[in-house]
Amino acid sequence: MSWFGMGDEMFKCFLENNTLKNKDLKNLYYLIHKEGPMTSAEIIEKTSIKKTTLVRMLDELMRDGFIKGNGFGEATVGRPPILYAVEPTCSYIIGIHISRMKTNIVLLDLQFRMMDQESFVMTTMHTPDFVVMKIQSIIHRFMERHQFDIGRILGIGLASIGPLDRREGMILEPESYLSGNWSHVPIVQMIRESFPVHILFEKGANAAAIAEFHSVKGLYQNILYCISGGWGMDCGVINDGTILQERFADGKGYGHMIIDLDGKECSCGKRGCLLAYTSFRSILQELKSENALLAQMDEGVFRKATLTDMMEYFKQGDALTEKVILHSARYLGVGLSNLIHIFQPEMVILNGPFIYGIDRYYDEVVHQTKQQLSGREDIVFGQGELKENAAAIGAGILLFNSYFER
């Protein structure tokens, strides 16, 4: 059989079957997925399913290859009980994250372990058509390397910067793509033309937040995930273990929080927005006004300066570059403290090129945030376990979960 044929869609059909008879099987599978490996006694305790019924249901799921025996539990009397777990490779999930700087594609098994990953940097040549073509090539390479066909792709989780329209599957009017053709892009339809599978579309910050929530295994039920990506700012909020959905998936709102009524003019035309102090453009202008080393280059070269250039001057010890970048960290800390007051998280995760690339920047953001808070010493700050893969992995997790929310 060709790896690009329809293949075995048995698991996908199982999840798409919402009849009353199949609903109980799906609920059992979902329980084992979330809490397994687990014994039949533990399942009965969680569900109150009769033992004879449970034996039949477990046999059916094992016969179809959806779950497996995964060792043995502790025995109190007699033979040790079988531990049941999901079969992780009876289907696969594709996770995609499209951002201004990079597009990242991951292959996940059903336990959300990353089996493969490829990414590419976004440049002026990366129009929507070209990006989709590269995504198609990467997915085909995944299929070849791991020897599966499209029938074993459960679906595609797609994450993108906002603003976006989830229902229409469209990227609306994002700021600062190097290629200027990203307005009102029907990205879901474009990908589905090559891969006719279920596609779930979500903004990147929300997807990243759910991935990090999953990685801490529910230890923190309330998480604020903040991306300060150089050009904009967005947040994902986990409240009692669930994504806090905005009515509109707009990545602009958080960055245009007013932190100084009489402050610097922002690109939106207002004054005192957080982005007027923390975005790449605003920092670049401040470097120019301070006559930092980066700003002393030829004007044409300066206009083409990148975040990487800026961080390199910081790391090489240019005092004015350090001053300007760390000053911007103070403002990010103020804005972050406002969000903490609103959402009351237990854990705050920070993401972004300065966060990952400059330790002192991250430390200053956390310091300034704590300075603005009182009585919240319990908040845990971090950079997350999954780093730049978080949004793509989270999109895949949301895709999987969507089969159980219908």
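The values are calculated or read from the model by the stated rules, or taken from the named source; none is laboratory data. Note that this is a predicted model, so its numbers are computed, not measured. Every residue, glycine among them, receives a Cβ derived from its backbone with ideal geometry; neighbour counts consider all protein chains shown. When the accessible area is computed, the model is the full protein with side chains, heavy atoms only, and any ligands, DNA or RNA have been set aside. Shrake-Rupley method; radii C 1.70, N 1.55, O 1.52, S 1.80 Å.
Could you work out the per residue convex hull volume over the alpha carbons of region 306-389, in cubic angstrom?
Once divided by residue count, the hull of region 306-389 is 98 Å³.
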- Task: Report relative contact order for the chain in percent, whole number only (criteria: Cα-Cα under 8 Å, sequence separation at least 6).
- Result: 17
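State the percentage of accessible surface on region 322-385 attributable to carbon and sulfur atoms; use a 1.4 Å probe and exclude ligands, DNA and RNA.
44
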- Note on the structure: Over region 291-406, with neighbouring protein chains present, the accessible area per residue in Å² at probe 1.4 Å is 46
- Message: Across the chain, what fraction of all alpha-carbon pairs, as a whole percent, falls in each successive 10 Å bin from zero upward?
- Response: 4, 20, 28, 23, 14, 7, 3, 0, 0
- Kirkwood Rh over alpha-carbon pairs of region 36-75 plugged into Stokes-Einstein at 37 °C, 0.692 mPa s gives a D in µm²/s of 306
- Query: How high is the relative contact order of region 39-102, in percent, counting Cα pairs under 8 Å that sit 6 or more residues apart?
  - Reply: 28
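May I have the convex hull volume per residue, in Å³, for the Cα set of region 154-193?
Dividing the Cα hull volume of region 154-193 by its residue count gives 77 Å³.
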- Task: Report, in whole Å, the centroid distance computed from the Cα atoms of region 39-93 and region 320-390.
- Result: 43
- Query: Which angle between 0 and 90 degrees, to the nearest 10, do you get for helix 319-343 versus the longest principal axis of the chain when only C-alpha atoms count?
  - Reply: 50
- Return the long-range amide H neighbours of residue 116 (sequence gap of 5 or more, or a different chain), with a cut-off of under 5 Å between placed amide H atoms. 107
- What percentages, rounded to whole numbers, describe P(r) for region 234-293 computed over all alpha carbon pairs with 10 Å bin width beginning at zero? 21, 38, 26, 12, 3
- Taking only Cα atoms, what is the 0 to 90° angle, nearest 10, from helix 390-402's long axis to the longest principal axis of the chain? 40
- For region 268-310, what Kirkwood radius comes out of the mean inverse Cα-Cα distance, in Å? 11.0
- Do any trypsin sites (Lys or Arg not before Pro) in region 11-84 lie in a DSSP loop with no more than 13 other beta carbon atoms within 10 Å, and if so, which? 50
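What part of the accessible area of region 274-320, given as a whole %, is carbon or sulfur when the probe is 1.4 angstrom? Intermediate results must be reported in sequence, preceding the final value.
Numbers: 1230 of 2530 Å².
Carbon and sulfur atoms account for 49 percent of the accessible area of region 274-320.
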- Message: Keeping every protein chain present and rolling a 1.4 Å probe, give me the accessible area per residue for region 1-116 in Å².
- Response: 55
- Query: Using the eigenvalues of the Cα gyration tensor, what equivalent ellipsoid semi-axes result for region 1-158 when each is taken as the square root of five times the eigenvalue, whole Å, largest first?
  - Reply: 38, 16, 14
- Message: Considering only protein heavy atoms and a probe of 1.4 Å, how much of the accessible area of region 1-140 is carbon and sulfur, as a whole percent?
- Response: 54
- Message: Per DSSP helix of 4 or more residues, -39500 (n - 2.57); summed, then divided by the residues of the chain. What does that give at 222 nm, rounded to the nearest 500?
- Response: -12500 deg cm²/dmol
- Cα pairs beyond 24 Å in region 88-190, in percent, come to 25
- Message: Given N residues in region 220-370, what is its alpha carbon radius of gyration divided by 2.2 N^0.38 Å?
- Response: 1.07
